[in-house]
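Let me begin by presenting the structure, written as structure tokens, before commenting on it.
FYI, it's all coordinate maths here, none of it is from the lab. Since we're looking at a predicted model, the values are computed, not measured. All Cβ positions, even for glycine, are placed from backbone atoms using ideal geometry, and neighbour counts span all protein chains on display.
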Amino acid sequence: AKGSVAENIAFYEPEMDETARARRQIANDLRHAIERNEFTLLYQPQHCIATGKVSGYEALLRWHHPTRGPVSPVEFIPVAEETGEIFRIGEWVMREACREARSWPKHLKVAVNLSAVQLLQNDFVAIVQNILVETGLSPLRLELEITETAIIADKLRALHFLRQIKTLGVSIAIDDFGTGYSSLDTLHSFPFDKIKIDKSFVLRSHESVEACAIIKAVLALGHSLNVPVLAEGVETIEQLDLLRDQGCDEAQGFYFGRPGGSPSQTADSQMMC
Ligand code: C2E
Ligand code: CA
Ligand code: CA
Ligand code: CA
């Protein structure tokens, strides 16, 4: 009968096949994506709330698949992590972001997302160092964004790695904060330079008392540890006002600007707000 369990099962399996096939194709096509110039980086501004000035840009990866069109990083990064392709892709992203940032005004930083898997790479610190030398970007202008989940996976290793990175002069932001399971203890024993409140809380800050309470708690936490807090996913002036009232330091989101081309080509975007 229609809607019966049997019918649903009959349709379920081919769908799974289709998903698995798509994944295999993505995995396969990812291997040539760098050589075929299918990747680009977009840059989204991060604003100081008190002054309105841009302090830096987050680099966000885009893949233009020849037949599928644009594929979201949410879709292909997990596949790249599974196949190990993430190492080459991550290195490409870092080199490209540093090279681009080199041509920006000196006060602007570039933030690069790191996959959890990249922390497991033995020579990762050497790779970062080489890219900095090669591109001539000051380490003080590079920030790496790492999620809570990445740190929890192997705490000792993550700590060792972060200390080395810090020695270079590179700074570290903890990304998507509030969505993982890091304890307060982890937070204070890791050398973070910035906390990024996950956009899910900011987007719900006016409908959800809980989301608002979490934002306040993260701000209190950051400030008691002397770590600046950035809110991501700021889409409206109301959200920005709430964050300013609560003493949030920085903001990023569609309200200020969508991810776009390198700011060196759009010089006036630096004066926004
Ligand atoms: P993320 O690091 O949390 O990046 C923020 C995401 O939120 C980006 O999605 C950005 O375009 C989007 N966003 C920014 N402002 C707003 C806003 O006001 N409202 C809403 N609704 N969304 C906003 P995107 O570019 O699709 O990237 C998704 C995720 O993919 C990133 O989340 C990050 O985890 C991953 N990713 C992107 N680029 C890279 C990369 O180069 N390397 C690695 N490992 N992961 C990356
Ligand atoms: Ca990020
Ligand atoms: Ca984030
Ligand atoms: Ca995220």
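Points worth noting:
- Largest-first principal axis extents, alpha carbons of the range 160-256, Å: 40, 26, 20
- Contact order relative to length of the range 97-182, as percent, for alpha carbon pairs under 8 angstrom and 6 or more apart: 33
- Residue order, fewest to most beta carbons within 10 Å, for Ile237, Ile152, Ile197: Ile237, Ile152, Ile197
- For the chain, the convex hull spanned by the alpha carbon atoms encloses 167 Å³ per residue.
- Per residue, the convex hull spanned by the alpha carbons of the range 57-200 comes to 123 Å³.
- Compactness of the range 158-205 - radius of gyration and Dmax, Cα, Å: 12.3, 38
- Expected 222 nm ellipticity per residue - DSSP helices of 4 or more, -39500 (n - 2.57), all of the chain, to 500: -14000 deg cm²/dmol
- Over all distinct Cα-Cα pairs of the range 19-114, the Kirkwood formula returns a hydrodynamic radius of 14.5 Å.
- Charge-dipole axis of the range 92-137 as Lys and Arg at +1 and Asp and Glu at -1 on Cβ define it, positive-most pick from Leu114, Phe124, Cys98: Cys98
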